[in-house]
Amino acid sequence: PDIFYRYGDFENEYFINIITKRTLYFNHPKNFSDLNDCSSRIYFDKDKITDCYSKFFLQNPLWKRDMANSLARYNYKMNFGDAELKNERMNEFHKRFNNILGILCTTDNNNNPYLWQKYSNSFKGFCVGFDMKNQILWNSGFSLNKVAYWDELPVLEYPFYEIEQESDDPLNSQFYHFLLEFIFNKLKISQDEVYKLEKEWRFAKLLIAEKPGIGTELQRVFQLPSHAFREIIFGYEMHKSVRMNIKKIAEQQGLNVEFKVAVPNINNTVTIEPES
């Protein structure tokens, strides 16, 4: 898609900053309303992990293979040997996951009745459309994909061997693609919400901080140029004075956008009309 959309209202500070400061906020996965989001189970392959340990120990020329293999099995047992230990490793991963990734949730649809009801305060809010694909993806550290919806989340295999090594190109690493699998897979229905109706696209940002593994709030903010903004769509129930305020802000920010109105229909569809 050329244009991506964010729905919201004036109660969401990060959403308002899109037009007042031209900034997008790449959120912590732990802050999502769906507690099952980004929560695929992890599979730890015993043979691969043990082999990884063994190869590490064999880097020491004083070690013999039998000794290395024996110590590898011991290390697997101490770190992954039962369900409790595996849960500890998964919790450690999710903590790191939240620190090094930011996520921006969008859609390519500006007339989605579900999104207007849920995120734009039943047509009292508004929707912003911008050309994020060209503006963001040419910057380092970003990925984009359409969310895949599942009845059950896939189980993902932990890429242990690569995690234990430093990668010169983290965006092309097996570990980074493993992280993206958590982001781009989602349950169709969770906590009584039908998330598949959102038809979501997600942008992911890999955070590079002064200390490895620690993401700063500053790195979660990305500023768009004014020419990236394409549309501002007012909900049908938004008060005229609020519309005028948004138009004023858009003018102050130099946003050359089309103003439109989202009108709900009796058949649960939404019509986008020019704003008069």
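The values are calculated or read from the model by the stated rules, or taken from the named source; none is laboratory data. These figures come from a predicted structure and were not determined experimentally. Ideal geometry is used to build each Cβ from the backbone, glycine not excepted, and the neighbour counts take in all protein chains shown.
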Self-check item: Residue in segment 126-149 that is more than 29 Å from Leu180 (Cβ to Cβ) and touching a residue at least 40 places away in the same chain (Cβ under 8 Å) present
Solution: yes
Exercise. Output the qualifying pairs, or none if there are none: Cβ atoms under 9 angstrom, residues six or more apart or on different chains, first residue in segment 50-75 and over 21 Å from Pro159 (Cβ atoms), second residue of a type in the set (A, V, I, L, M) and part of a helix (DSSP H, G or I).
Key: Asn60/Ala68; Trp63/Leu71
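So that you can scan it fast, the table gives a plain yes or no per residue for (1) closer than 30 Å to Glu217 by Cα; (2) hydrophobic (A, V, I, L, M, F, W, C):
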residue: Ile3; (1), (2): yes, yes
residue: Glu13; (1), (2): yes, no
residue: Asn36; (1), (2): yes, no
residue: Asp45; (1), (2): no, no
residue: Cys52; (1), (2): no, yes
residue: Phe57; (1), (2): no, yes
residue: Asn60; (1), (2): no, no
residue: Tyr74; (1), (2): no, no
Practice problem: Test Glu258 against the criterion of being among the charged types (D, E, K, R) and under 17 Å from Asp131 (Cα atoms), and give yes or no. | Solution: yes
Exercise. Look at segment 123-162 and say how many of its residues are loosely packed, with under 15 Cβ neighbours inside 10 Å and at pLDDT below 85.
Key: 5
Quiz item: Any chance segment 9-18 includes a residue that's within 30 Å of Gln252 (Cβ to Cβ) and assigned to a strand (DSSP E or B)?
Solution: no
Quiz prompt | Residue tally, condition at pLDDT below 90 and of a type in the set (D, E, K, R), over segment 1-26 | solution = 4
Quiz item: So is Phe175 at pLDDT below 80, farther than 23 Å from Lys118 by Cβ and among the aromatic types (Phe, Trp, Tyr) or not?
Solution: yes
Quiz item: What tally of residues in segment 95-107 results from selecting those that are farther than 21 Å from Thr23 by Cβ and touching a residue at least 40 places away in the same chain (Cβ under 8 Å)?
Solution: 2
Self-check item: Matching strands (runs of 3 or more DSSP E) fully within segment 189-276 where at least 2 residues are in contact with a Cys (Cβ under 7 Å, 6 or more places away or on another chain) and in contact (Cβ under 8 Å) with a residue 24 or more places away in the chain
Solution: 200-206
Self-check item: In segment 15-26, the residues that are crowded, with 17+ Cβ neighbours inside 10 Å and among the hydroxyl-bearing types (Ser, Thr, Tyr)
Solution: Tyr25
Exercise. Output yes when any residue across segment 187-205 is loosely packed, with under 11 Cβ neighbours inside 10 Å and modelled with pLDDT under 90, and no when none is.
Key: yes
